[in-house]
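Trainee: Structure below; questions to follow.
What follows is calculated from the coordinates using simple rules that are stated; it is not laboratory data. Small disclaimer: the values here were computed from a predicted structure and weren't measured. Neighbour counts run over all protein chains shown; Cβ positions are idealised from the backbone, glycine included.
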Amino acid sequence: MTKNLTRMNWTAAAAWAILISACSIANLGWLRNDEDVGRAFEKLQVSPDHRYWYLYLENSPYAVLGLKREYRLEDISWTEVDPGSETFQKVVALVRNFPVPGSRTTGAYILDAKGERIGLWYSSMSAGITIDPDSKLVSITTGTPWMSGDGYDDGRD
């Protein structure tokens, strides 16, 4: 009896984990590399229906992204930037000219779980993307090369 009860508990726990995973997967987005997106960033061509942010510090950015205006990003690692500003020009140039070691900077579309384009990405890093379809809150997970402590000096200071 105890053995059957334990087996049922494990089965219920596994089913619950699968259900939670399925709900999480439904909100996953992804990046689809596109040379035109990269060229647009390099030429500072922006979309007027997007808001833009950069990752980390103005003098040491690792990514620039644009999201359609109905989407939002609430993360202290990201700073919103006016795409017509000198700061935007500066961070795009730094992201382009100083990729993370062993990588190169590319452009990509940010896609939601349905494969719809919701934004633009410019970085030498990849990202994990989660989108809450109700609140339109986008969460971006990247590596943290600025915390590596490997002594790498990329000249961004």
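Trainee: Pick out, from the range 60-135, the strands (runs of 3 or more DSSP E) lying fully within it that include 3 or more residues that are within 16 Å of Asn27 (Cα to Cα) and β-branched (Val, Ile, Thr).
Mentor: Fully inside the range 60-135 and qualifying: 128-131.
Trainee: Could I ask something else about it? Ala40 fails exactly one of the following numbered conditions: (1) buried (at least 17 other Cβ atoms within 10 Å of the Cβ); (2) among the aliphatic types (A, V, I, L, M); (3) closer than 16 Å to Thr144 by Cα. What is the number of that condition?
Mentor: (3)
Trainee: Evaluate the following for Glu116: is it out of contact with any His (no Cβ under 6 Å at 6 or more places or on another chain), more than 20 Å from Asn33 (Cβ to Cβ) and exposed (fewer than 15 other Cβ atoms within 10 Å of the Cβ)? Before the answer, list the steps.
Mentor: Numbers: out of contact with any His (no Cβ under 6 Å at 6 or more places or on another chain): yes; more than 20 Å from Asn33 (Cβ to Cβ): no; exposed (fewer than 15 other Cβ atoms within 10 Å of the Cβ): yes.
Answer is no for this residue.
Trainee: Another question, if that's okay. Could you please find all residues in the range 106-127 being without any contact (Cβ under 8 Å) to a residue 40 or more places away in the chain and of a type outside the set (Lys, Arg)?
Mentor: Selection gives Gly115, Glu116.
Trainee: Moving to a separate point now. With respect to Ser103, is the statement that it is in contact (Cβ under 8 Å) with a residue 12 or more places away in the chain, in contact with a strand residue (DSSP E or B) (Cβ under 8 Å, 6 or more places away or on another chain) and among the hydroxyl-bearing types (Ser, Thr, Tyr) true? So that I can check it myself, show each step before the final result.
Mentor: Working: in contact (Cβ under 8 Å) with a residue 12 or more places away in the chain: yes; in contact with a strand residue (DSSP E or B) (Cβ under 8 Å, 6 or more places away or on another chain): no; among the hydroxyl-bearing types (Ser, Thr, Tyr): yes.
In short, no.
Trainee: Now for a separate question. With respect to Asp75, determine if the residue is surrounded by fewer than 20 Cβ atoms within 10 Å (Cβ to Cβ) and either in contact (Cβ under 8 Å) with a residue 60 or more places away in the chain or at positive phi (or both). Walk me through it before giving the result.
Mentor: Details: surrounded by fewer than 20 Cβ atoms within 10 Å (Cβ to Cβ): yes; either in contact (Cβ under 8 Å) with a residue 60 or more places away in the chain or at positive phi (or both): yes.
Judged against the criteria, Asp75 is a match.
Trainee: Here is a further query. Within the range 84-105, can one find any residue that is within 13 Å of the chain's Cα centre (by Cα), of a type outside the set (Phe, Trp, Tyr) and crowded, with 19+ Cβ neighbours inside 10 Å?
Mentor: No, because not a single residue in the range 84-105 is within 13 Å of the chain's Cα centre (by Cα), of a type outside the set (Phe, Trp, Tyr) and crowded, with 19+ Cβ neighbours inside 10 Å.
Trainee: Taking the condition of being free of Cβ contacts under 8 Å to residues at least 40 places away in the same chain and within 16 Å of His50 (Cα to Cα), how many residues in the range 78-100 meet it?
Mentor: Residues meeting the conditions: 7.
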